[in-house]
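Scroll down for the structure; my scribbles are underneath it.
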């Protein structure tokens with residue numbers, strides 16, 4: 001059997017040994033030494049934290065002892081105060097009892113007054129609720145029984161001059177219409193015929209107290225249908241309203257305003273503010289237009 005010869009490459013072995021030594025130097029320089037330094041720093045930090053924790057524990061123990069001493073002093077002081085209070089209470093027993101009786105009487109009187117106020121408020125709420133219910137029932141009844149016929153009758157009474165309107169109301173309405181450049185909103189429970197609308201325009205022109213013919217504006221009537229009025233109509237211009245309807249009449253008969261009328265009043269004020277803003281914008285625009293024509 002032939003022998004197998006082994007040859008050793010000493011150059012390769014030397015190069016590998018050299019590479020290994022270089023690797024050890026690199027690891028020693030960039031890994032082992034920084035790692036040992038970091039571990040030493042961490043060890044020092046742990047020792048420092050343990051020392052600080054020990055110091056804090058000692059400080060907490062001292063603080064606990066001081067608090068216990070203060071607590072004992074406070075307890076002694078409280079006991080002293082209680083003892084003095086018992087002695088003072090014993091000395092002023094009759095005075096305190098008399099004061100307590102007076103306070104109790106005041107409390108009873110205040111409670112009675114509060115009960116009376118609450119009873120009065122409850123009665124007023126019940127009366128208001130009953131009034132609202134009565135108004136609603138009356139409106140429903142009038143709407144079912146009278147309806148369009150009652151509406152036509154109220155409109156005819158106004159147009160024929162049978163409705164007795166106060167001079168002050170007519171003056172305020174005329175002034176508001178002048179300020180609104182003749183704009184009038186007509187809220188009606190039922191639709192108005194064209195003839196009735198023209199009669200209303202003519203009646204307002206002839207009936208309202210204008211200063212002179214030149215001060216009578218061109219009336220522009222805008223009609224809004226509002227079934228909540230039950231029957232009749234309302235004239236609005238600016239912040240002035242002239243009510244000639246069943247809803248307003250029922251409110252006057254019951255001595256107050258219903259929730260619907262309060263909401264309606266808020267709507268009128270909002271609409272009035274909107275119209276006033278439109279009028280101001282129109283007045284501001286006219287001088288600019290006149291200025292443009294002049295130039």
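The values are calculated or read from the model by the stated rules, or taken from the named source; none is laboratory data. The structure displayed is predicted, hence computed values, not measured ones. Please note: Cβ atoms are built from the backbone with ideal geometry, for glycine as well, and neighbour counts cover all protein chains shown.
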Would it be correct to say that residue 173 is at pLDDT below 85 and out of contact with any strand residue (DSSP E or B) (no Cβ under 7 Å at 6 or more places or on another chain)? no
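With respect to residue 90, is the statement that it is part of a helix (DSSP H, G or I) and surrounded by 10 or more Cβ atoms within 10 Å (Cβ to Cβ) true? Walk me through how you get there before you give the answer.
On the way: part of a helix (DSSP H, G or I): yes; surrounded by 10 or more Cβ atoms within 10 Å (Cβ to Cβ): no.
For residue 90, the condition - part of a helix (DSSP H, G or I) and surrounded by 10 or more Cβ atoms within 10 Å (Cβ to Cβ) - is not met.
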In segment 183-200, which residue that is surrounded by fewer than 17 Cβ atoms within 10 Å (Cβ to Cβ) and in contact with a strand residue (DSSP E or B) (Cβ under 7 Å, 6 or more places away or on another chain) is nearest to residue 246 (Cα to Cα)? 191
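Could we say that residue 58 is part of a helix (DSSP H, G or I) and modelled with pLDDT under 85 here? First the steps, then the outcome.
On the way: part of a helix (DSSP H, G or I): yes; modelled with pLDDT under 85: no.
Here the answer is no, as residue 58 does not meet what is asked.
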Which numbered condition residue 203 fails, given (1) surrounded by fewer than 19 Cβ atoms within 10 Å (Cβ to Cβ); (2) at pLDDT 85 or above: (2)
In segment 98-148, how many are at pLDDT 80 or above and either touching a helix residue (DSSP H, G or I) at 6+ places or on another chain (Cβ under 7 Å) or more than 27 Å from residue 253 (Cβ to Cβ) (or both)? 21
Pairs returned, first residue in segment 65-78 that is assigned to a helix (DSSP H, G or I), second residue that is loosely packed, with under 10 Cβ neighbours inside 10 Å, beta-carbon separation under 6 angstrom, 6 or more apart or interchain, are none
